[in-house]
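The next block holds one structure in the form of structure tokens; read it before the comments.
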Amino acid sequence: MDRENFKPDAKYGFEELLDVHSLWAKNPGAVKMRYMKRFNSFSEVKEMAENPNGQDAELKRMVALVERWADQLPDTLRRLSASACGPQEAQITLSSAHRAKGLEWDRVEVADDFVNLCDADLEAENMTEPEFDEEINLIYVAVTRSRGGLSLPTSIETWRACYLKGETPPRSRKMEEKLKKKQTC
């Protein structure tokens, strides 16, 4: 198989993620992608990602990854890229929900980077109806890729348990804080 076809940095936007990291690291001169060059700082990227009038879910995910992995991110992405191989040789497959459509694996672990279903009604207020529908569809795609074992993030597992019991799921702590701020204003 042609190894170039399985380079995750090309298919999963590592360049853009590294640009967000460069801004986080206060190194705007290292930014390569035209789209990202319009930002002067990480705080501008974060503000754009969290803007309720134009929320960019992908940008929001990149901000979260940069904040979570910090200085470890560039090396982690380099190692991921260097160890990429074709599906037949892979022991672990990393995939976005978009790319996983139509595929299945024996075991799937779903990342916690989707809309929090416990806060879905409030999350929907910050998106257009098609954007929200797409987010819900991506969750469906992610959780239906397994032929066997499935590991869900706490947010989806909590929503699922409440749904099966016919109960209203609890709001996330982050959403509770947001609601409190909204009520005091």
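The values are calculated or read from the model by the stated rules, or taken from the named source; none is laboratory data. All values reported here derive from a predicted model rather than from experimental measurement. Please note: Cβ atoms are built from the backbone with ideal geometry, for glycine as well, and neighbour counts cover all protein chains shown.
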Handout entry: Among residues of the range 130-149, those that are crowded, with 17+ Cβ neighbours inside 10 Å and either part of a strand (DSSP E or B) or among the charged types (D, E, K, R) (or both), counted
Key = 2
Completion exercise
Residue hits (the range 146-161; within 14 Å of residue 114 (Cα to Cα) and not charged (D, E, K, R)) are 152, 153, 154, 155, 156, 158, 159
Exercise for the section: Any residue in the range 24-51 that's within 30 Å of residue 124 (Cβ to Cβ): show its pairings with residues that are among the aromatic types (Phe, Trp, Tyr) and assigned to a loop (DSSP other than H, G, I, E, B) at Cβ separation under 9 Å, as long as the two are six or more apart or on different chains. Expected result: 45/39; 48/39
Fill in the blank from the handout: Among helices (runs of 4 or more DSSP H) entirely inside the range 52-101, those with 2 or more residues being over 17 Å from residue 19 (Cα atoms) and in contact with a helix residue (DSSP H, G or I) (Cβ under 8 Å, 6 or more places away or on another chain) are 97-100
Practice task
Would you mind stating whether residue 102 is over 17 Å from the mean Cα position of the chain (by Cα), of a type in the set (Gly, Ala, Ser) and either exposed (fewer than 12 other Cβ atoms within 10 Å of the Cβ) or not assigned by TED's automatic domain parsing to the domain that holds residue 159 (or both)?
Solution key: yes
Problem - Inter-residue pairs, beta-carbon under 7 Å, first within 16 Å of residue 50 (Cα to Cα) and in the same structural domain as residue 156 (by TED's automatic domain parsing) and in the range 172-185, second among the aliphatic types (A, V, I, L, M) and in a helix (DSSP H, G or I), 6+ apart - result: 175/122
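Among 84, 70, 49, which is the only one that is surrounded by fewer than 16 Cβ atoms within 10 Å (Cβ to Cβ) and of a type in the set (Gly, Ala, Ser)? First the steps, then the outcome.
Details: 84 fails: surrounded by fewer than 16 Cβ atoms within 10 Å (Cβ to Cβ); 49 fails: surrounded by fewer than 16 Cβ atoms within 10 Å (Cβ to Cβ).
The unique qualifying residue is 70.
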Handout entry: Restricting the range 109-154 to residues that are of a type in the set (A, V, I, L, M, F, W, C) and closer than 14 Å to residue 175 by Cβ, the residue that is farthest from the chain's Cα centre (by Cα)
Key = 122
Handout entry: Subset of the range 70-104 (residues that are free of Cβ contacts under 8 Å to residues at least 12 places away in the same chain and within 18 Å of residue 25 (Cβ to Cβ))
Key = 72, 75, 76, 78
